[in-house]
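All remarks here apply to the structure that follows.
The values are calculated or read from the model by the stated rules, or taken from the named source; none is laboratory data. These numbers were taken from a predicted model, which means no experiment stands behind them. Every residue, glycine as well, gets a Cβ built from its backbone with ideal geometry; the counts of neighbours run over all protein chains shown. The accessibility values were calculated without ligands, DNA or RNA, using every heavy atom of the protein model including side chains. Shrake-Rupley method; radii C 1.70, N 1.55, O 1.52, S 1.80 Å.
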Amino acid sequence: MAKSDKALVWGLFAAGGTVTAFVTPVLVVLTLLPALGVLPDVLTYDSLRAFADATLGRLAIVAIVVLSLWHAAHRLRITLHDFGVRADYAVAVVVYVAAAVGSLAAGWYALAL
Amino acid sequence: MSQRLVELEVLRFNPETDAEPTFQRYAVECPEEWVVLDALNHIKETVDPTLSYRWSCHMAVCGSCGMMINGEPKLSCKSFLRDYEGVIRVEPLAHFPIQRDLVTVIDDFVTKLKRVKPYLVAGEARPVEAGEYRQTPAQLKTYKQYTLCINCMLCYAACPEYGLEPKFIGPAAISLAHRYNLDSRDAGREARQQEIAATEGVWECSFVGACSEVCPEHVDPAGALQQVKIKSTLDWFREHLMPWRRT
């Protein structure tokens, strides 16, 4: 039998899972802090804008967004399969196209802003 | 030894006379220390000699006596009566066709096991004078856990993906392929990858993890399959992005 190309989407899923496992809790905390009235200098608009303007910061943001999208897409595909949705091909096309569009949008924003 | 009246509800099916499987209830006095297999043997010896099931070693080594006990895949020789209350329901392993009573048809698993070449494939032939293939304790340790599989098929009965997609090669066969792939004396990985890195191979696994929960030998097939996924993904990137490094 031929080897499957599913390795490509699984690789993005695994990388995205690792990234989101580390980054998502941090983002939750960083979002809650200002909501609770705690606003350290590092979370002000100017410093976050400066972070996003630096090439490395911008690359990090794009990488996190893109990998999270592909992780979520593959997770959704597996979950739907486990819930008994048998249209795997159609589901795969929809979720991966969404992830691809999101990835392109993230790249475009990173270049345009 | 304290005795207890144990009620077993056993699935019965005779393909020559029955259209559908039915449950038959047996009530037998058993010592508390017995396992479910003891109770079945007692029933076969004293109540109903027509009851059919597989067993051999009675010590969780041979892997023959796997059954669904109260809906969970278990070795009946390792399932103590004292851990169950009320009527104990005993059925053949899920996801396999029934041959008769608690005996299942295991051809599917055996065929898949053969496909993954679960044996050492030597790289180049060595003369006998060259001596044994030596291995360090560290090299042994990388795969030793996966040698503990006894082919009892509890993981197949537990795996929801195998239930949904019977073509899935499944937990035990892929774990055994992984065991030989990790062996420093082996050179058969590429041949095994053709099977386990295919769509019907490791990619059908969605990491539910039930296989590792029911494994009586603590092989952790789910962990093995995750490692196979990572290695197969690295292979994929190497083959598609670095064709000059194709192995």
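Assess whether residue A:20 counts as being part of a helix (DSSP H, G or I), away from every other protein chain (no Cβ under 14 Å), closer than 30 Å to residue B:169 by Cβ and in contact with a Ser or Thr (Cβ under 9 Å, 6 or more places away or on another chain). Taking the combined requirement at face value, the residue satisfies it. Might you let me know whether the stretch A:34-56 holds any residue that is within 12 Å of the chain's Cα centre (by Cα) and open to solvent by less than 50 Å² (accessible area, probe 1.4 Å)? Looking for residues that are within 12 Å of the chain's Cα centre (by Cα) and open to solvent by less than 50 Å² (accessible area, probe 1.4 Å), one finds none in the stretch A:34-56, hence no. Please work out if residue B:147 is among the β-branched types (Val, Ile, Thr) and not in a loop (DSSP other than H, G, I, E, B). Yes; evaluated as a whole, the condition is true for this residue. What's the total number of residues in the stretch B:122-136 that are open to solvent by less than 100 Å² (accessible area, probe 1.4 Å) and among the β-branched types (Val, Ile, Thr)? Residues flagged as open to solvent by less than 100 Å² (accessible area, probe 1.4 Å) and among the β-branched types (Val, Ile, Thr) within the stretch B:122-136 amount to 1. A count restricted to the stretch B:191-205 and to residues that are more than 10 Å from every other protein chain (Cβ to nearest Cβ) and either loosely packed, with under 15 Cβ neighbours inside 10 Å or polar (S, T, N, Q) (or both) stands at 1.
Of all the listed residues (B:217, B:239), the sole one being in contact with a Cys (Cβ under 7 Å, 6 or more places away or on another chain) and either polar (S, T, N, Q) or surrounded by fewer than 21 Cβ atoms within 10 Å (Cβ to Cβ) (or both) is B:217. Taking the numbered list (1) outside any helix (DSSP H, G or I); (2) crowded, with 17+ Cβ neighbours inside 10 Å in turn, residue B:167 passes all entries but (2). Cβ-Cβ contacts under 6 Å between residues 6 or more apart (or on different chains), taken from a first residue in the stretch B:16-39 that is open to solvent by less than 50 Å² (accessible area, probe 1.4 Å) to a second residue that is of a type in the set (Phe, Trp, Tyr) and not in a helix (DSSP H, G or I), are listed as B:35/B:80; B:37/B:55. A residue that is more than 14 Å from chain A (Cβ to nearest Cβ), closer than 22 Å to residue A:1 by Cα, within 14 Å of the chain's Cα centre (by Cα) and surrounded by 11 or more Cβ atoms within 10 Å (Cβ to Cβ) occurs nowhere in the stretch B:142-152. Can you find even one residue in the stretch A:58-81 that is modelled with pLDDT under 90, over 19 Å from the mean Cα position of the chain (by Cα), within 14 Å of chain B (Cβ to nearest Cβ) and exposed (fewer than 15 other Cβ atoms within 10 Å of the Cβ)? No: the stretch A:58-81 contains no residue that is modelled with pLDDT under 90, over 19 Å from the mean Cα position of the chain (by Cα), within 14 Å of chain B (Cβ to nearest Cβ) and exposed (fewer than 15 other Cβ atoms within 10 Å of the Cβ).
Each residue in the stretch A:10-53 was checked for being of a type in the set (S, T, N, Q) and closer than 30 Å to residue B:202 by Cβ, and 3 of them qualify. Within the stretch B:1-15, the set of residues being buried (at least 19 other Cβ atoms within 10 Å of the Cβ) and closer than 14 Å to residue B:80 by Cα comprises B:6, B:8. Across the stretch B:70-111, what is the total count of residues that are open to solvent by less than 60 Å² (accessible area, probe 1.4 Å), in a strand (DSSP E or B) and under 22 Å from residue B:59 (Cα atoms)? The total comes to 7. In the condition set (1) of a type outside the set (Ser, Thr, Tyr); (2) within 11 Å of another protein chain (Cβ to nearest Cβ); (3) open to solvent by 40 Å² or more (accessible area, probe 1.4 Å); (4) assigned to a helix (DSSP H, G or I), residue B:161 is compliant with all but (3). Here residue A:47 meets the list (1) over 30 Å from residue A:8 (Cβ atoms); (2) among the hydroxyl-bearing types (Ser, Thr, Tyr); (3) at pLDDT 95 or above almost entirely, failing just condition (3). Residue B:112 meets the conditions (1) at pLDDT 95 or above; (2) more than 14 Å from every other protein chain (Cβ to nearest Cβ) in every case but one. The failed one is (2). You will find that of A:52, A:92, the residue that is within 14 Å of another protein chain (Cβ to nearest Cβ), in contact (Cβ under 8 Å) with a residue 12 or more places away in the chain and part of a helix (DSSP H, G or I) is A:92 and no other. Which of the following residues is more than 8 Å from chain A (Cβ to nearest Cβ) and assigned to a loop (DSSP other than H, G, I, E, B): B:208, B:219, B:228? That would be B:219, the only listed residue that is more than 8 Å from chain A (Cβ to nearest Cβ) and assigned to a loop (DSSP other than H, G, I, E, B). Among the conditions (1) part of a loop (DSSP other than H, G, I, E, B); (2) surrounded by 15 or more Cβ atoms within 10 Å (Cβ to Cβ), the only one that residue B:57 does not satisfy is (2). Taking the criterion of being open to solvent by less than 40 Å² (accessible area, probe 1.4 Å) and of a type in the set (A, V, I, L, M), the residues of the stretch B:60-69 that qualify are B:60, B:67, B:68, B:69.
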